[in-house]
Amino acid sequence: MKQTPITAAGAERLKAELKELKTTRRPAVIEAIATAREHGDLRENAEYHAAREEQGFIEGRIAELEAALSNAQIIDVARLTPSDRVVFGCTVDLIDVATDAEVAYRIVGDIEADINASRIAISSPIARALIGKQEGDDVVVDAPGGTREYVITAVHYR
């Protein structure tokens, strides 16, 4: 099976989420199902059906996290030799040429990507365009929302 890259910090976040799901949320939903069963007829018991649905989501997420962690190639960014080249795990400071807006993205594995936390997936159009470039380079990104042009102002290995 193919290994997928993930940062060491991302692996720790996923392990923490998996632990929380197994030790806290799974037992809580099992208890909620048991309580709902005590209320009688299961065909018309909204609490029971909601708890069963939540249980399905929890079990699915547990399976997803376990599979991702078992196939993960953990890359510790702190152990990489710093350079001005963009590689997996680094943080890239960019300036949008059209708007002069400054943005910073960390290139991470697909499962740990979170745009709200400025973590973009290695498979995303912008990350693919950035990989291998260096400080000062112009980068043209063909994204679903249209073509964007950026200038790389800094590359950090944190």
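Scoring A68 on the criteria (1) touching a residue at least 24 places away in the same chain (Cβ under 8 Å); (2) assigned to a loop (DSSP other than H, G, I, E, B); (3) more than 20 Å from L130 (Cα to Cα) leaves a single failure, condition (2).
Restricting attention to segment 118-158, the residues being exposed (fewer than 12 other Cβ atoms within 10 Å of the Cβ) and among the aliphatic types (A, V, I, L, M) number 2. Remark: G132 falls outside the filter, which requires a residue to be modelled with pLDDT under 95 and closer than 22 Å to T99 by Cβ.
If you go through segment 31-56 and pick out every residue that is closer than 30 Å to R13 by Cβ and surrounded by 13 or more Cβ atoms within 10 Å (Cβ to Cβ), you end up with 7.
Out of the residues in segment 60-117 that are surrounded by 15 or more Cβ atoms within 10 Å (Cβ to Cβ) and of a type in the set (G, A, S), which is nearest to Q3 (Cα to Cα)? If we take residues in segment 60-117 being surrounded by 15 or more Cβ atoms within 10 Å (Cβ to Cβ) and of a type in the set (G, A, S), then A72 is nearest to Q3 (Cα to Cα). The set of residues in segment 41-57 that are within 13 Å of A28 (Cα to Cα) and of a type in the set (D, E, K, R) comprises R52, E54.
Given the criteria in a strand (DSSP E or B), on the phi < 0 side of the Ramachandran plot, at pLDDT 90 or above and among the basic types (K, R), does R52 qualify? Answer is no for this residue.
The values are calculated or read from the model by the stated rules, or taken from the named source; none is laboratory data. Because the structure is a prediction, the values reported are computed rather than measured. All Cβ positions, even for glycine, are placed from backbone atoms using ideal geometry, and neighbour counts span all protein chains on display.
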